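Worksheet for the structure shown next.
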Amino acid sequence: MKDIQAKVTLVGAGPGDPDLISLKGIKAIEQADVILYDALVNESLLNYAPAHCTKIYVGKRAERLSTSQDSINQLLVDYALTHGHVVRLKGGDPFVFGRGGEEIDYVRQYNIPTAVIPGISSSVGLTGLQQIPLTYRGISESFWVITGSTSDGRLSNDLYQAVQTQATVVVLMGFGKLREIVDLYQNYGKGDLPIAIIQNGSLANERVVLGRIDSILQEAERSLVGVPAIIVLGEVVAKHEQFEALTAELATLSKS
């Protein structure tokens, strides 16, 4: 029986396409004794795990039954102590709204060695794949990545600050707050601002809805777009190669 060497490694799996994980992330999976993986992780990545590896789904989705964060924290410790190397495989990047910091803090209390392998966050990965630049000289000097709602269900206070800037804003886990976000931007006179919704980004069933603040609710309903999705707000959205053609088509339809 081999000596158990406890360790926990947080690995970012990227936004969905399994090819977007890092080589270092793959190597960690290949060395895992246990993998705890999330709902947004492409399960084909589990094929890199060794034969003896125990794979445990601990996915969490909004408004659905899920594994509590406290339970996940304890599982990380328990499996590290009894099995060895635990890989916590998370969608996107572990430290961008992935609660990776909380998990690391908990594991460290037990003096278990930890490591983090970054992943491509959907905030930069999906916009890049759609060729929407988050910054662009003369248009946007910065970008904000904001959660759609706080733990008590309210719209993030940071959005009330971001709407007053010229920055590009990427909202994660915010599709359920789309109407509130639209109302907020309209209240600041930004009804004409370009906006994009990207559902299932980087996957074969990806959907992209482009429009402006004033029309996006109707477009989202017409397109049947839903979760999981990110929302991108800012003038840079107009750089999408299909934006002008689609918005011109919408303008023609609204007049007919």
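The values are calculated or read from the model by the stated rules, or taken from the named source; none is laboratory data. Bear in mind the structure is a predicted one, so any value in this text is a computation, not a measurement. Cβ atoms come from the backbone with ideal geometry, glycine included; neighbour counts cover every protein chain shown. Remember, those area values only see protein heavy atoms, side chains included, never the ligands or the DNA or RNA. Shrake-Rupley method; radii C 1.70, N 1.55, O 1.52, S 1.80 Å.
For segment 71-97, a tally of residues being out of contact with any helix residue (DSSP H, G or I) (no Cβ under 9 Å at 6 or more places or on another chain) and either open to solvent by 20 Å² or more (accessible area, probe 1.4 Å) or basic (K, R) (or both) returns 7.
Of the residues making up segment 116-129, those that are open to solvent by 30 Å² or more (accessible area, probe 1.4 Å) and either over 11 Å from G12 (Cα atoms) or small (G, A, S) (or both) number 3.
Taking segment 137-178 as the range and being surrounded by 15 or more Cβ atoms within 10 Å (Cβ to Cβ), farther than 19 Å from G91 by Cα and in contact (Cβ under 8 Å) with a residue 40 or more places away in the chain as the test, the residues that pass are S140, F143, A167, T168, V169, G176, L178. Taken together, the criteria place V182 among residues that are assigned to a helix (DSSP H, G or I), surrounded by 17 or more Cβ atoms within 10 Å (Cβ to Cβ) and under 21 Å from the mean Cα position of the chain (by Cα).
Checking the condition at pLDDT 95 or above and open to solvent by less than 30 Å² (accessible area, probe 1.4 Å), which residue from V237, V208 passes?
V237
Mind listing whichever residues of segment 151-177 are aliphatic (A, V, I, L, M) and either within 21 Å of S140 (Cβ to Cβ) or at pLDDT 95 or above (or both)? Correct list: L159, A162, V163, A167, V169, V170, V171, L172. Looking across segment 3-36 at every residue that is free of Cβ contacts under 8 Å to residues at least 12 places away in the same chain and of a type in the set (D, E, K, R), the one that is surrounded by the fewest Cβ atoms within 10 Å (Cβ to Cβ) is identified as D3.
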